Amino acid sequence: CATIVAEGMVVDTEAPEIVKAREGVMEFLLVNHPLDCPVCDQAGECKLQDYSYTYGRSVGRFKEEKVVKHTKDFGSHVKYWGTRCIVCTRCVRFTDEISGTQELAVFNRGDHSEIDIFPGMEIENPLSMNVVDVCPVGALVSSDFLYQARVWFMEQKNSICLECSVGCNTRIDSLDNEIKRIVPRDNQDVNKSFMCDYGRLNFNYVHHASRIESPMAEGKHISWKEGIDLFKKKIQDSINKNKGKSLAFLVSAWNDNETLYLIQRLTKDFLNESDVFFFMKEREKDQIFPKFRISGDRNPNVQGIKTIFGTDYFDKRPVKALLERINQGLDTLVFLGGLPNGKVPKELMDDLDKVRDTIVMDYSHSEITKKASLILPSLTYMEKSGSYINDQKRLQRILPAIDPIGGGKADSIVLQELMNALKGEGSVLSASGVFDQMRSLNAFKEVNYRAITDNGIPIE
């Protein structure tokens with residue numbers, strides 16, 4: 001493998017001497033390796049297991065006493081099983097070259113060599129769990145996923161992370177419609193093969209008890225038909241009062257492109273161009289590592305808003321501008337949330353008492369739902385289809401990783417049902433159908449939804 005390729009070179013991988021040498025290498029790797037496969041979390045996705053089956057011997061010949069190495073916690077999210085380690089040093093290279101935090105090294109010599117943390121250090125950097133991903137065996141395992149599920153029983157769906165504007169490519173693994181873990185997926189144009197611990201671990205809100213189960217009006221559960229009819233009535237009453245100036249939308253930058261486009265259409269075609277304002281998490285400082293970046297912009301679709309509504313429109317309609325409208329007199333506010341564990345600014349909550357009707361479209365109860373006259377349950381991004389644009393203007397797609405929990409609907413579906421109720425007819429399109437309509441916008445004119453690969457595509 002260290003020989004430089006030259007013209008005319010012939011590589012034979014199945015010659016008898018090659019097969020024998022490969023068996024020998026595998027035998028040495030397994031000399032001190034325990035037979036932990038039945039209890040090891042890596043079983044089913046272990047490279048050593050695969051290579052041993054394909055290239056190794058069927059029976060081990062080593063009968064002497066094995067070298068036993070330590071087992072310990074390297075940090076709050078990473079555990080180490082030394083006896084399983086083959087000392088490939090991938091994890092050491094990761095902390096040296098990618099995170100630059102240098103917590104790991106190889107200690108001792110010969111067959112007593114083992115990976116360990118430096119005295120007084122732990123792996124507590126925001127990229128810590130990537131060492132679990134790069135480990136080809138079960139030596140480094142996730143404390144959060146330990147003994148949760150066998151990989152061959154789980155469903156695996158490709159997705160993206162929405163914890164910041166980078167939009168790391170991910171895979172969501174679930175069992176019995178419950179998300180068990182999120183791991184990074186290779187995309188050399190976005191996140192290489194890594195992701196931060198924030199995005200990896202923040203999925204408990206999907207199954208949280210605060211999820212909204214059904215539409216609610218004045219604290220009482222109602223049907224979806226009653227909810228849409230009441231939504232229509234409240235909006236029409238507001239429009240009739242002051243030709244759309246008594247109605248406003250507050251939309252978070254966690255909403256997908258399809259929802260944003262439908263809001264734009266709804267306000268232009270039916271609501272006398274009612275104003276749309278935008279709510280975002282406060283920007284933090286970027287976290288820069290030697291070969292990875294965690295964006296301080298915790299809003300995954302700011303570029304989507306700018307692309308659909310225009311940068312000038314976006315810049316002129318922050319929450320502060322909405323507060324001015326409320327103080328001038330606002331009858332109805334429609335809030336589209338979508339932020340996991342997100343909090344609405346205190347100044348907005350204080351002023352909401354001045355609004356007669358607050359309509360909330362969100363997937364979990366929060367401070368703002370307590371003041372809502374109508375609540376329509378939505379879905380998390382892991383339960384629906386749609387698209388987002390990251391901070392490098394890369395269009396990426398999401399698909400449902402699990403079935404919807406409770407009685408929620410995607411915001412894009414609810415908005416279409418509202419528009420159909422307002423005009424008295426119409427059908428409801430899927431995310432791909434809405435995206436086909438979005439091609440009327442210049443940015444999406446040359447884009448086909450079905451052509452958006454798992455790694456996304458750049459747009460102008």
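We did not get these values from a lab; they are worked out from the coordinates using the rules stated. In this text, all values refer to a predicted model and were calculated from it rather than measured experimentally. Methodologically, a virtual Cβ is constructed for each residue, glycine included, from the backbone with ideal geometry; neighbour enumeration extends over all protein chains shown.
General remarks:
- Net +/- balance of residues flanking K72 in space, Cβ distance below 12 Å, scoring K and R +1, D and E -1: -2
- Taking packing as the residue-averaged number of other Cβ atoms within 10 angstrom, the listed peptides 125-137, 391-403, 17-29, 249-261 run from highest to lowest as 249-261, 125-137, 391-403, 17-29.
- DSSP-defined beta bridges in segment 216-458 - what % are antiparallel, rounded to 5: 40
- Nonlocal amide H pairs with K409, under 5 Å, H built at 1.01 Å: S378, L379
- Only helices enter the 222 nm calculation for the chain: every DSSP H run of n ≥ 4 contributes -39,500 (n - 2.57), and dividing by all residues gives -7500 deg cm²/dmol, rounded to 500.
- Antiparallel %, DSSP beta bridges [both residues in the chain], to 5: 65
- Annotation: amide H of F279 within the under-5 Å range of V251, S252, A253, sequence separation 5 or more or interchain, hydrogens built in the peptide plane.
- Fewest-first sequence of V59, V183 by Cβ atoms within 10 Å of each Cβ: V59, V183
- A full extension of the chain between K343 and S113 corresponds to an added length of 77.9 nm, given 0.36 nm per residue minus the alpha carbon distance.
- Here the 3J(HN,Hα) profile of segment 132-139, calculated from phi with Karplus coefficients 6.51, -1.76 and 1.60 at θ = phi - 60°, is 5, 5, 7, 5, x, 10, x, 6 Hz, Gly and Pro shown as x.
- Residues I212, I288 arranged by fewest to most Cβ contacts within 10 Å: I288, I212
- Cα centroids of segment 107-132 and segment 209-239: 53 Å apart.
- Its relative contact order, with pairs defined as Cα atoms under 8 Å and 6+ residues apart, puts segment 211-340 at 31 percent.
- Listed residue pairs exceeding 29 Å between alpha carbons, taken from K79/K343; K79/K157; K245/K393; K291/K409: K79/K343; K245/K393; K291/K409
- Lys, Arg +1 and Asp, Glu -1 on Cβ, resulting dipole of the chain about Cα centre, debye, nearest 20: 900
- For Cα Rg over 2.2 N^0.38 Å, calculated from these coordinates, the label among [x] 1.02; [y] 0.97; [z] 1.18: [z]
- Charge dipole (Cα centre; +1 on Lys/Arg Cβ, -1 on Asp/Glu Cβ; no other charges) of segment 216-458 amounts to roughly 300 debye.
- If a spin label sat at a point 7 angstrom from the Cα of N158 along the line to its beta carbon, the backbone N atoms of segment 176-191 nearer than 15 Å would be those of 183-191.
- Estimated vicinal HN-Hα couplings, Hz - segment 453-460 in sequence order (Karplus 6.51, -1.76, 1.60; Gly, Pro = x): 6, 4, 9, x, 9, x, 10, 7
- Point-to-point label distance, M9-Y313, nm (Cα→Cβ direction, 7 Å offset): 5.7
- For G456, the amide hydrogen comes within under 5 Å of the amide hydrogens of R397, counting only partners 5 or more places away or on other chains and with H modelled in the peptide plane.
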